[in-house]
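Read the figures in this text as sums done on the coordinates, not as results from a lab. Since the structure is predicted, the reported quantities are computational estimates derived from the model, not experimental observations. Please note: Cβ atoms are built from the backbone with ideal geometry, for glycine as well, and neighbour counts cover all protein chains shown.
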Amino acid sequence: MTARQGGARIKRRLMFALEIAIAVSAIVSGSVQAQVKSFEGLTLKLASQNDQFAAVLADLTPEFKQATGVTVKVDILSYPDLLTKMTADFVGHTKSYDLYTTDIVWAGQLAASGSTVVLNDLIKRDAAEIKVDDIYPVLMNALGNFKGKQVAFPFAGYANILAYRKDLYEQAGLQPPSTMEDLVAAAYRLTDPTKHIYGFVANGQKGPAVAQDWMQYNKQMGGDILDKDGKPALNSAANIKSLTVYKDLFQKAAPPGAVDYDWDGRETSFRQGIVANMQTWSIGAAGYSDPSQSKVVGKVGIIVAPPGKGLPKYYGVGGWGLAINKDIDQKQQEAAWLFIKWATSPSVHKELNEKGGGSYIRISETHDPDLLKKYPFLPVIDESLVNGDGDYRPRIPQYPQIQDILGDAVNAVLVGNVEPQKALDEAQAKAARLF
Amino acid sequence: MGKQIELSRESSGSLISTKPVMTFARYRRLFLVLLCAPAFVYVLAVAVWPLLQGVYFSLYKYNLMRPASRAFVGLQNYRDFWADEAARGAIITTSIFTFSAVTLELILGLGLALLLWRDSVFERALLALLLIPVTVTPVAVGLIFRALLAPDFGVLGYYFAEWGLSGPRGFLGNPATALWTLVAIDAWEWTPLVTLILLAGLKSLPTDILEAAEADGATLAQRFRLIILPMLLPTIFLAAVLRSMDAFKVFDIIFATTNGGPGDATNTMMLFAVKEGLQFFNIGRASTVANLMIVCIALFSVAFVILIRGADRKANER
Amino acid sequence: MSRRPAVHALVFQRAVLLLATCILLAPIAWLITTAYKPSVDIFSFPPTLGL
């Protein structure tokens, strides 16, 4: 064979291979197109919590319609409304909504009732498309996994962070707190009721508000709601101690009305400038630099929530996942899964955050240069999520009752009706009856 | 009532007539019954049936999220409710709230009604304005007052705290004053309605007796005590029973302001029922609370109706 | 001569009515004025009655 003939042969083989490749890719993309376009004309109904991401998500749904032909209707509901409607829908099998945003703490009850589609196989099948490794492991676990069953897919990750007044700290010559003990000391130092400046604020209102905030501080101070067997241990020595500290802070370092505050109240007090330190969810962080909402623009520093001295660095994690209603028919379920993949994909989710969604689930997002320019506190969120703890509020099926019991007990202590030891002993007795 | 419509003429051949003789009276009765039937069926379906279901469920331990664990427990739910100290406190709190709110509204409402009795343009315009608080949604009322009374940045609450009128935690944050504040909020919302009812009652009083009393030289106070008040008693009781039924079920303003706190100061039975039923989905226990509320409301409604009948009879004797 | 007390009484009654109406409508007025404010001004510290 001459060199020319050999060269021509290779060229023919290359051409042949190229033709096969083109044909195969045409078939594959054609079938993917066919698969995607076969959902044309469907409508999905999504019930969303009224957090900052909801309005942005509603705005983005026309893009999904353009890409796939599926219309998505977003209903924005308050927390109790959402929980009630969701449970009623599942219990009555009424198929009112195809998709729900689910709170981190609902994973246990959803797994126990089996009302949402278990996503483990779907995730495995589409792992490359979803880029599972890009999602923070703590969020994949906390925002929808319970004992191995993935009942929801992470959609909005929140980190518990500390927002503090840089100007007040500078004035007093203090460094931003690196341990919980520092924070408590700084809170007392910075409190000056004559100037209406208080060093500390948290939820005090009876019910879920005070229960959730106290559970966060409790974990940071070394307490735990459950013991290592997963049974309630509400009156452990560490819990009693942290409740005493919490009560002292409320009496000596918090605005007087804090005993009635829920999330709205404490955010308002910080934004109005009367509070020096507040631990809060990262989703609210952008609001402090917005003049239409905040009187402390430019004076707020964002750092990780300080752990107790000598304790491991575990930062509180919260947020919302997306769950698919198991009652809807197969085609709707597939369309819903397509929506979840689309909404949590790197490009769409980045757009969600650029427009103010404040919800981070991907490592790439918190390192993205465009987002960093707009929200310089992203490294704080990143550190919190890498070392995050999504279980300081136990995500078990009995969570609503435990939250309620604690809500009563902690509020009673803050108001001065009972001593921490007695309140937690009674709470423990009530909680033990649930198991 | 005398005319006989004999339908059995059609089968005049047979001596034994099987069709009932339809008198006009019977026709009319049948027509009226049929006319009421849709409403009757509706009430049965929407009110009576759920009520019976509620009683049925209260005998079960039934959680909607764990339907498999449903079990008959007889009166255990009622025993549990009575054994719970917070629950017993809730009954007392609800009763105190109802009694105080209704009394305050009646007194203020009667005062306003007497002032509005003169029926000129001014009074009529003011009555229309006064009814605006009644039209506001109860949840919105709760949120408005929560915002106003917040001790740290509420327009009213801040100054109350600054000037020492309320404690530093505000009226709603202090267990001693929280319930009375809610009574005041309830009065703010419903006094105009009581005024309207009492004003209607006042306008229906026979004027000849009042004019005669004035001619006889009775003072204002005497006229009020001896004539107006006794004749107005049926209307007063009517307003009282209407308001009591609603005040006992108070929920929105409490949920929107204090959520039952601080401590247990504003914990009412309806809050209990909603928490058990719509947060924990414990249908058994929620039904128990709801049934107890029905019993309480029924008891004092019956008492009031008896009082109204008695007062009505007395008023008509004059 | 008995007209005078009647007029006084009328003025007094109407004044009380007006006062009651103002008290009852004040929260509604506050509600309307805050509807047009940005959220930073609604819960202001110190609180402003401003329009």
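Below, the figures for the structure above:
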item: Length gained when the stretch residue A:91-residue A:290 is fully extended (0.36 nm per residue, less Cα-Cα span); result: 67.4 nm
item: Per residue convex hull volume, Cα atoms of the range A:359-435, in Å³; result: 136
item: Cα-based helix-to-principal-axis angle, A:208-220 vs chain A, degrees rounded to 10; result: 90
item: Listed residues B:217, B:179, C:46: farthest to the positive end of the dipole of the protein assembly as shown (Cβ charges); result: B:217
item: Likely footprinting exposure, A:86, A:221, fewest C-beta neighbours within 10 Å first; result: A:221, A:86
item: Sorted by Cβ density within 10 Å, fewest first, the residues B:42, B:60; result: B:42, B:60
item: Per-residue average of Cβ from other chains inside 10 Å of B:155-166; result: 3
item: Local net charge near residue A:262, Cβ-Cβ under 11 Å (Lys/Arg +1, Asp/Glu -1); result: -1
item: Size of electric dipole in chain A: Cβ of Lys, Arg +1 and of Asp, Glu -1, about Cα centre, debye, nearest 20; result: 1140
item: Per-residue Cβ neighbour rank within 10 angstrom, fewest leading, B:317, A:351, B:211; result: B:317, B:211, A:351
item: Two-decimal log10 I(q)/I(0) for the range A:110-152, as the Debye equation yields it once each C-alpha is a single scatterer, q = 0.16, 0.18, 0.33 Å⁻¹; result: -0.40, -0.50, -1.21
item: Chain B: calculated mean residue ellipticity at 222 nm from DSSP helix runs of at least 4, using -39500 (n - 2.57); result: -21500 deg cm²/dmol
item: Net +/- balance of residues flanking residue B:248 in space, Cβ distance below 15 Å, scoring K and R +1, D and E -1; result: -2
item: Of B:233, A:112, A:315, farthest towards positive along the dipole that unit charges on Lys, Arg, Asp, Glu beta carbons give the protein assembly as shown; result: A:112
item: Cα centroid separation - the range A:396-435 against the range A:197-275, whole Å; result: 13
item: Tensor-based shape of chain A (alpha-carbon gyration tensor, a/c under 1.5 rounded, otherwise prolate or oblate); result: prolate
item: Alpha carbon convex hull of the range B:73-194, projected area averaged over orientations, nm²; result: 10.6
item: Helix A:420-432 vs. chain A, principal-axis angle (Cα, 0 to 90°, nearest 10); result: 40
item: Span-like helix ranges in chain B, DSSP H, alpha carbon extent 20 angstrom or more, Kyte mean at least 1.0; result: B:24-43, B:85-116, B:175-203, B:229-248, B:283-317
item: Cβ-derived FRET efficiency at R0 60 Å, residue B:135 paired with residue A:252, nearest 0.05; result: 0.85
item: Computed [θ] at 222 nm, deg cm²/dmol, chain A (DSSP H ≥ 4; -39,500 (n - 2.57); rounded to nearest 500); result: -15500 deg cm²/dmol
item: Charge dipole (debye, nearest 20) of the protein assembly as shown; +1 at Cβ of Lys and Arg, -1 at Cβ of Asp and Glu; result: 1520
item: Other protein chain Cβ atoms within 10 Å, averaged over every residue that makes up B:262-273; result: 3
item: Stokes-Einstein D in µm²/s, Kirkwood radius over Cα pairs - the range B:61-125 at 20 °C with 1.002 mPa s viscosity; result: 131
item: Farthest positive-ward along the protein assembly as shown dipole, Cα basis, beta-carbon charges - from A:225, B:99, B:45; result: B:45
item: Acute angle (nearest 10 degrees) that the helix A:399-415 long axis makes with the longest principal axis of chain A, alpha-carbon atoms; result: 30
item: Cα→Cβ-extended label distance, 7 Å offset, between residue A:124 and residue B:32, nm; result: 7.4
item: Distance from the range B:45-98 to the range B:125-194 (C-alpha centre basis), Å; result: 32
item: Coarse-grained scattering of the protein assembly as shown at q = 0.05 Å⁻¹, given as base-10 log I(q)/I(0) from a Debye sum over alpha-carbon atoms; result: -0.37
item: Residue-count net charge about residue A:300 - beta-carbon cut-off 10 Å; Lys, Arg +1, Asp, Glu -1; result: +3
item: Gap separating the Cα centres of the range A:297-356 and the range A:35-66, nearest whole Å; result: 16
item: Cα gyration tensor shape of the range B:84-317, rounded if a/c is under 1.5, else prolate or oblate by comparing a/b with b/c; result: oblate
item: Simple Cβ-charge dipole of the range A:126-237, Lys/Arg +1 and Asp/Glu -1, about Cα centre, in debye nearest 20; result: 340
